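Every number in this text was worked out from the coordinates using simple rules, so none of it is lab data. Just so it is clear, the model here is predicted, and its values are computed rather than measured. Here the Cβ positions follow ideal geometry from the backbone for every residue, glycine too, while neighbour counts run over all protein chains shown.
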Amino acid sequence: MKNLTKRLLLLILKTCAHIQLIKYRAKIVGVTGSVGKTSTTRACFLILNSKYKVLHLKEGYNSEIGLPLAILKQKSGFSSPPAWTRTLFGCFMTLLFCWESYDYILLEMGVDKPGDMRYLLSFIKPSIGIFLNVAPVHTEAFAKQSHPLEAIAKEKMSDFNTPGLEQAKKIVAGSARSMGVEIDTNG
């Protein structure tokens, strides 16, 4: 039952976030990497905000649940059913009444386990992708892999088809190589 509830919650959040992103009518800047996402999005905000209308989302909300909540400008209900009821009501209110538009939306896209990036990219379509680095952090879900850092790098690059992708892949591969990990950026 708990797994079914989580899947239903993810479906609702994903659908609402996708609709809200369409309503915002903005170029999406997706930032991923093991370290530095928050600092990078802050720096991008400071640069872009001087000339454009920019939505900079809540820091640390970069997961399968957190990112849709940030897009919908809501807080997590954590493990409280009444709090989740209020949060979901807030999501629907945002869909009905929030019609702001932006030039850019800055999103931190976190990867904690295999499949996370593919999931995020199923409803978020970045116009610009920023790949920062690969480091041995949050590796628990990748520990069973024979080469965890390589698996993390591949996950961060999976399906991230944005302009400059080949250059970004080279940068991520260089970052991984500096840590003694060789990755194939062709797959």
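Some points to look at:
- Amide H contacts of Ile28 (H built 1.01 Å from N, under 5 Å, at least 5 apart or other chain): Ile105, Ser127, Ile128
- Peptides 108-118, 33-43 ordered by average Cβ neighbours within 10 Å, highest first: 108-118, 33-43
- Violating pairs (Cα-Cα greater than 29 angstrom) within the set Lys37/Lys125; Lys27/Lys144; Lys2/Lys53: Lys27/Lys144; Lys2/Lys53
- Cβ charges +1 (Lys, Arg) and -1 (Asp, Glu), total dipole of segment 23-107, debye: 160
- Between segment 8-35 and segment 65-133, the alpha-carbon center distance in angstrom: 5
- Qualifying chymotrypsin sites (Phe, Trp or Tyr not before Pro) in segment 34-70, DSSP loop, other Cβ atoms within 10 Å at most 13: Tyr52
- Under Karplus coefficients 6.51, -1.76 and 1.60, residue-wise ³J(HN,Hα) of segment 71-80 in Hz, glycine/proline x: 4, 8, 6, 10, 9, 5, x, 6, 10, 9
- For peptides 87-99, 11-23, sequence by mean Cβ density within 10 Å, most packed first: 11-23, 87-99
- Leu4-Ser80 FRET efficiency (beta carbon distance; Förster radius 22 Å; 0.05 resolution): 0.75
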